[in-house]
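**Q** One structure follows; several queries about it will come next.
Nothing in this text is a laboratory measurement; each read-out follows from the coordinates by a stated rule. Every value quoted in this text rests on a predicted model; they were computed, and no experiment measured them. Note: ideal-geometry Cβ built from the backbone for every residue, glycine included; neighbour counts use all protein chains shown.
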Amino acid sequence: MKSPYANKKENEWLKITKRLVEKHPLKECLVQIVLKSWDSIFKSNFDSYRIGKDFFPEPQIMGFFLHDIIALHLNKVNHDYRIGDAGKEKDVVCISNESLSFEIKTSSHNNQIFGNRSYAQKGSDKDKKHKDGFFLAINFEKFNLKSKQRPEIKLIRFGFLEHGDWIAQKSPKGQQAHLPTNVYEKKFVTLYTREQV
């Protein structure tokens with residue numbers, strides 16, 4: 001897929017991003033699906049044990065649950081979407097149009113998301129999945145073990161990222177990649193913030 005930002009100045013990025021998000025068929029239901037998926041995690045039983053009542057998983061585990069439950073809920077609403085094959089496909093696959101598939105990135109950071117170092121590297125024909133495309137970014141609260149109050153979703157954004165947007169850690173041992181401020185501002189559209197509730 002040709003980059004929608006190719007040969008465009010940075011001051012044009014936000015307008016392009018808004019147009020891409022507006023045209024995506026899931027734009028209207030993503031917030032509802034994410035919030036429903038988050039609720040599902042707390043309603044699920046593991047034998048007689050409940051998350052948030054009997055045990056309090058680390059953010060990475062909560063993110064793992066959220067990834068798959070979002071894809072499952074989307075499939076119920078729209079059968080054109082399904083859970084992706086990990087490592088080979090995007091997290092959520094659009095069966096009829098691969099360009100509408102997307103990755104899900106979750107984080108307990110206030111407003112940043114992080115990716116694997118490989119996101120910052122240019123893909124090749126041998127790569128199992130394309131690195132460019134739509135991203136659903138979700139930030140959520142961590143468990144507070146003192147209050148045991150249920151954590152909530154803080155921020156939901158949707159946008160279009162390319163491998164060149166990611167910055168890999170400089171250390172050869174570093175396995176993480178992050179995004180610069182201008183990418184958050186111009187290549188994402190905010191769909192939901194906790195303050196709206």
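**Q** Using the charge dipole of the range 10-196 (Lys, Arg: +1 at Cβ; Asp, Glu: -1 at Cβ; taken about the Cα centre), state which of Q169, A86, S99 has its Cα farthest towards the positive end.
**A** Q169
**Q** Rounded to the nearest 5, what % of DSSP beta bridges with both residues in the chain are antiparallel?
**A** 75
**Q** Further question: Of the options F55, H24, Q149, report the single residue whose Cα projects farthest towards the positive end of the charge dipole of the chain (beta-carbon charges: Lys, Arg +1; Asp, Glu -1).
**A** It is Q149, whose Cα lies furthest towards the positive end.
**Q** Further question: What number, rounded to the nearest 500 deg cm²/dmol, is the helix-based mean residue ellipticity at 222 nm of the chain, given -39500 (n - 2.57) per DSSP H run of at least four residues and division by all its residues?
**A** After summing the helix terms and dividing by the residues of the chain, the value is -8000 deg cm²/dmol.
**Q** For the chain, modelled as a Gaussian network with Cα springs under 10 Å, which listed residue fluctuates most, I70, I138, I167?
**A** I167
**Q** ³J(HN,Hα) across the range 150-156 via Karplus (A = 6.51, B = -1.76, C = 1.60, θ = phi - 60°), whole Hz, x for Gly/Pro?
**A** Karplus values, whole Hz, x for Gly and Pro: 5, x, 10, 6, 9, 8, 10.
**Q** Then there is this: For a quick check: with amide H placed at 1.01 Å from N, whose amide H comes under 5 Å from F160's, ignoring anything fewer than 5 positions away on the same chain?
**A** HN-HN under 5 Å from F160: F135.
**Q** What are the ³J(HN,Hα) values, in whole Hz, obtained from phi via the Karplus relation 6.51 cos²θ - 1.76 cosθ + 1.60 with θ = phi - 60°, for each residue of the range 8-19 in sequence order, with x given for Gly and Pro?
**A** So the J values, rounded to whole Hz, are 9, 6, 4, 5, 9, 4, 4, 4, 5, 4, 4, 5.
**Q** Given H placed on each backbone N at 1.01 Å, which residues far from D91 in sequence or on other chains put an amide H within less than 5 Å of it?
**A** Counting only residues 5 or more places away or on other chains, the set is F102, E103, I104.
**Q** Turning to a different aspect of this structure: Springs between alpha-carbon atoms under 10 Å, Gaussian network over the chain: tell me which of K53, K146, K131 tops the mean-square fluctuations.
**A** Fluctuation is largest for K146.
**Q** To continue, here is another question. Could you please report the charge total around I153, scoring K, R as +1 and D, E as -1 over all other residues with beta-carbon less than 13 angstrom from its beta-carbon?
**A** +2
**Q** Of the candidates Y81, Y49, Y184, which one comes out as most mobile in a Gaussian network treatment of the chain with C-alpha springs shorter than 10 Å?
**A** Comparing Y81, Y49, Y184 in the GNM, the peak value goes to Y49.
**Q** Whole-Hz ³J(HN,Hα) for each residue in the range 33-47, computed from phi via Karplus 6.51 cos²θ - 1.76 cosθ + 1.60 with θ = phi - 60°, x for glycine and proline: what do you get?
**A** 5, 5, 5, 5, 5, 4, 4, 4, 4, 7, 8, 6, 9, 10, 6
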